Amino acid sequence: MAALAIRRLPPAGPAPPVPASPRYPVKRLQLTLSDVKLWASAFGGEIKSIAAKYSGSQLLQKKYKEYEKDVAIEEIDGLQLVKKLPKIMEEMFHKKSEAVRRLVEAAEDAYLKHEFDADLQYEYFNAVLINERDEEGNYLELGKEFILVPNDHFNNLPVNISLSDVQVPTNMYNKDPAIVNGVYWSESLNKVFVDNFDRDPSLIWQYFGSAKGFFRQYPGIKWEPDENGVIAFDCRNRKWYIQAATSPKDVVILVDVSGSMKGLRLTIAKQTVSSILDTLGDDDFFNIIAYNEELHYVEPCLNGTLVQADRTNKEHFREHLDKLFAKGIGMLDIALNEAFNMLNEFNHTGQGSICSQAIMLITDGAVDTYDTIFAKYNWPDRKVRIFTYLIGREAAFADNLKWMACANKGFFTQISTLADVQENVMEYLHVLSRPKVIDQEHDVVWTEAYIDSTLADDQGLVLMTTVAMPVFSKQNETRSKGILLGVVGTDVPVKELLKAIPKYKLGIHGYAFAITNNGYILTHPELRPLYEEGKKRRKPNYSSVDLSEVEWEDRDDVVSDLFNYVHKFEMLEMKIFLNVCFCVTDFKVCSISLHSLGVALSRGHGKYFFRGNVTVEEGLHDLEHPDVSLADEWSYCNTDLHPEHRQMTQLEAIKRYLTGKEPLLQCDKELIQEVLFDAVVSAPIEAYWTSLALNKSENSDKGVEVAFLGTRTGLSRINLFVGPEQDFLTAEDKENIFNADHFPLWYRRAAEQIPGSFVYSIPFSTAVGIQMKLEFFQRKFWTASRQVCFKWKFFLSLNPQHLSNHIVDPQLHCHKIALLILFRILCAVLPMLTSRYVFAVPIAQRLKQTLEPCDTEYPAFVSERTIKETTGNIACDDCFKSFVIQQIPSSNLFMVVVDNELFRGSLLNYVVHNESLKCERLKSQKIRRRPESCHGFHPEENARECGGVPGLSAKPPFVLLPLLLTIFSR
């Protein structure tokens, strides 16, 4: 996703006069402003009359006027609101964290009581094999009968809510003694899984990811391998596991590309690097250096520095790995000196993790132990751990590599085949987790938002976040070894976070958002993880969308200031322009756990809140009307607390709550009172619409199909003037229904307009309005403008910021419209439409069979309401045009009359970024906040656990032994 970069353009002036030339003589505009104004006025009056008649807007205004004496106006205190919201969110976070903590305690107690048995035989439920039979109809080993029942809470997936089952990666043996023992003692988690779900029915998946590689998941579900019969999932590669198991780290990866690494060895080395990158998260920093007799930075522009291990940077480096080839002689001493210097200098800049540091050495051998380099840079404190990976089957230089790892609190492993890579790379995570295990610090981590494809439904994929916590061995005899047992976690739907935020208090344009310590969005109305087309395809970097990509202002420093304040946990007030709505907004920010919560309150709309007063009896009566619906994603009542309430709609829950039939329901009394008020005030409009439908003549206004209204409490009324088969305001159209994080788009647009005017858009109308056929609308337009059919081109601009929404008549040849004309003319139609911003949007281009983003720059326009009309001339490469633009009264429309000549030109200006700009992007450090805890070292750590080497090899010279004994005693 490309960042939305905004800058203000110079103020617009009137269109410059076109100089005369022999080729293009100046023409006078033969159409006068008064003519176009007359047509615009006639058309505007006609459509306003139709909209007012069928929407019932005047009746609704009258009814609200009648209840004016029962309404109290209150000003919303944004500062107080933002102080209350974190408390609500913190309670919800705490509730989820406690569920995970109970799992941690149960797991650690179970392991403490268990004695390892290498001969243990135990038949567990393997998630891949359950319910599978052989040719004779017998259940497969580890595949006994496992009852699965569709459950609506899990999108009707067949699950077992009484038991969990176990997934084992394809490259691991199902009956390995370590796995069987781990599965056996972790069976005790089943009771806690069920108990957690009973306590909090809103929980989704709960799980335990073992350090041995197996994954226990509740509720139990069957896993299906891919077309190759493989399940590549390894829980230890997931972000939630890595973040919970280790502390942040700075890593330099050294790759030997000398001549001896040719062929399979280099292939294994590249795969090893890629697997290491998989284990790095957004709190980590890294760089990769290839070496022979010279140093070769994999990304040359990042010479001497580290970059954040976000998805974009890791993928960038992976692409460059393919460019490595083996030749020459390996000079490891040069590479080690460079790595130590880089880590030291980067640490002194105050950037990076400021926690653990490591050098990963990937080579087929080392001719020396390089103790003088370690003595210079790393001893005696050994703050930089050395992890060595010996590539290939030969072990001639293994002792030197073992010694380097053991002497620097690292780990040695040998990788002979591609199949060995994954498991051997994982070993370093156990070493880095030791200090945290010894400290017994169960840090709670929350991940950024991601998509759970298993819960996909008709409305798209489900956005999740994970809360996770590490599980340690509490056995005293293994304390110094710091044994990590694994990580437990549970998934939390993002919509659950949104339910804690009272949307109706934030106003029409107001919203709340949450970001992680790295500035990535946890929840935000503008977070769109899927491409629009198909609604199933994920954007590549959907889980690491930076706040600066969805918030901007016309000053470069605003988003930066916002981040600074967010991560200082200070209250913040600032002005910011929201997207293309250009609403002046107050931002108020505070912290919740490691995340930050922000609230945007728009000035004008949303600053005040009015409270109505009607009786419960009146309100309940009018809520019963069949045309009434409520925003299902709004939390009028909490239907998740008790299983018997889960099937209720919000409307049903309100009715049962008010009638006393469900005393256990927890509901928002304030919101419900306002819903009752809106239901009573808007009730007469149902009879009004019904009367119109009954009295509507067969040929009168046949184009009007639907009338509807929406209120600030999420109440909607819809009346169909056509048959019931009408695809209107459906749950799939997220932009145009009341959602947990925003009001409908048509509602927000209507609020921006002058009172009494109507907003016309494709396909929806105003907050109280109608839907009409496009052909019907066009007929009204051409009736007003048919006099000039053969001389001028006519078209309508709907909202200047959405210029692609133009209306044309496909049946009339003389009115063929080119959108290019509209853009080119609007660039000159000043000051009628003032160009305010230029911003970048992602456009997909095909390169190497993959979709990659590039930046496209185009202008956006804002209507100056004080200017109603303008004229001008414009010259282009091979044509000359005259135009008139006239605002259509009581609407957001503009009538544009253009000289009927062809135009050829380019609309979008593609911005081609050179290599220096790409390099600057890689180097730029995002504003972030480091995790609060760091467990880089512990004095009780047993550094001799370094790859199966109980002591030092005899290879190092005897003169080094006193020094090494000193080191290992630390």
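The values are calculated or read from the model by the stated rules, or taken from the named source; none is laboratory data. Source: prediction; values computed, not measured. We place every Cβ from the backbone using ideal geometry, glycine too, and count neighbours over all the protein chains shown. Heavy atoms of the whole protein, side chains included, go into the accessibility calculation; ligands, DNA and RNA do not. Shrake-Rupley method; radii C 1.70, N 1.55, O 1.52, S 1.80 Å.
For the stretch 745-769, enumerate the residues that are open to solvent by less than 50 Å² (accessible area, probe 1.4 Å), within 17 Å of residue 888 (Cβ to Cβ) and modelled with pLDDT of 50 or more.
Passing the criteria: 749, 750, 752, 753, 756, 757, 758, 759, 760, 761, 769.
Can you pull out every residue in the stretch 622-647 that is of a type outside the set (Ser, Thr, Tyr), free of Cβ contacts under 8 Å to residues at least 60 places away in the same chain and buried (at least 18 other Cβ atoms within 10 Å of the Cβ)?
Residues satisfying the conditions are 623, 637, 645.
Output the number of the condition that residue 346 fails; it satisfies all remaining conditions of (1) more than 26 Å from residue 239 (Cα to Cα); (2) in contact (Cβ under 8 Å) with a residue 60 or more places away in the chain; (3) aromatic (Phe, Trp, Tyr).
Unmet condition: (1).
Does residue 250 satisfy the condition of being closer than 30 Å to residue 938 by Cα, under 22 Å from the mean Cα position of the chain (by Cα) and either of a type outside the set (Phe, Trp, Tyr) or at pLDDT below 95 (or both)?
no
Anything in the stretch 192-236 that is closer than 18 Å to residue 493 by Cα and among the β-branched types (Val, Ile, Thr)? List them, or say none.
204
Could you say which residue among 221, 231 is buried (at least 16 other Cβ atoms within 10 Å of the Cβ) and out of contact with any helix residue (DSSP H, G or I) (no Cβ under 9 Å at 6 or more places or on another chain)?
231
Select from the stretch 142-161 the residues that are free of Cβ contacts under 8 Å to residues at least 40 places away in the same chain and not basic (Lys, Arg) and write down the one among them that is nearest to residue 418 (Cα to Cα).
Residue satisfying both the conditions and the ranking: 142.
Conditions (1) part of a strand (DSSP E or B); (2) charged (D, E, K, R); (3) open to solvent by less than 70 Å² (accessible area, probe 1.4 Å); (4) farther than 30 Å from residue 185 by Cα, marked per residue:
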{"residue": "48", "(1), (2), (3), (4)": "no, yes, no, yes"}
{"residue": "52", "(1), (2), (3), (4)": "no, no, yes, yes"}
{"residue": "85", "(1), (2), (3), (4)": "no, no, yes, yes"}
{"residue": "106", "(1), (2), (3), (4)": "no, no, yes, no"}
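Across the stretch 371-384, what is the total count of residues that are β-branched (Val, Ile, Thr), surrounded by fewer than 20 Cβ atoms within 10 Å (Cβ to Cβ) and within 30 Å of residue 518 (Cβ to Cβ)?
The total comes to 0.
Considering only the stretch 659-679, state which residues are surrounded by fewer than 19 Cβ atoms within 10 Å (Cβ to Cβ) and not in a loop (DSSP other than H, G, I, E, B).
Residues satisfying the conditions are 666, 669, 670, 673.
Looking at (1) in contact with a helix residue (DSSP H, G or I) (Cβ under 8 Å, 6 or more places away or on another chain); (2) open to solvent by 10 Å² or more (accessible area, probe 1.4 Å), can you tell me which one residue 174 breaks?
Going through (1) in contact with a helix residue (DSSP H, G or I) (Cβ under 8 Å, 6 or more places away or on another chain); (2) open to solvent by 10 Å² or more (accessible area, probe 1.4 Å) one by one, residue 174 breaks only (1).
Which residues, taken from the stretch 98-126, are among the hydroxyl-bearing types (Ser, Thr, Tyr) and in contact with a strand residue (DSSP E or B) (Cβ under 7 Å, 6 or more places away or on another chain)?
Those that are among the hydroxyl-bearing types (Ser, Thr, Tyr) and in contact with a strand residue (DSSP E or B) (Cβ under 7 Å, 6 or more places away or on another chain): 111, 124.
Exactly one condition in (1) closer than 30 Å to residue 710 by Cβ; (2) open to solvent by 20 Å² or more (accessible area, probe 1.4 Å); (3) in a helix (DSSP H, G or I) is not met by residue 73; state its number.
Status for residue 73: all satisfied but (3).
How about the stretch 358-370: which of its residues are touching a Phe, Trp or Tyr at 6+ places or on another chain (Cβ under 9 Å) and open to solvent by less than 30 Å² (accessible area, probe 1.4 Å)?
Listed by number, the residues that qualify are 358, 359, 360, 361, 362, 363, 364, 365, 366, 369.
Could you say which residue among 431, 471, 492, 467 is under 30 Å from residue 364 (Cβ atoms) and open to solvent by less than 10 Å² (accessible area, probe 1.4 Å)?
431
Considering only the stretch 390-472, give the strands (runs of 3 or more DSSP E) lying wholly within it that have at least 2 residues that are closer than 30 Å to residue 202 by Cα, in contact (Cβ under 8 Å) with a residue 24 or more places away in the chain and out of contact with any Leu (no Cβ under 6 Å at 6 or more places or on another chain).
Here the list reads 450-457, 460-472.
When the stretch 691-716 is examined, which residues are found to be at pLDDT below 85 and part of a helix (DSSP H, G or I)?
The answer is 693, 694, 695.
Out of everything in the stretch 484-509 that is among the small types (Gly, Ala, Ser) and touching a helix residue (DSSP H, G or I) at 6+ places or on another chain (Cβ under 8 Å), what residue ends up being farthest from residue 235 (Cα to Cα)?
Residue satisfying both the conditions and the ranking: 500.
Please work out if residue 208 is buried (at least 23 other Cβ atoms within 10 Å of the Cβ) and in contact with a Lys or Arg (Cβ under 9 Å, 6 or more places away or on another chain).
Yes, satisfied.
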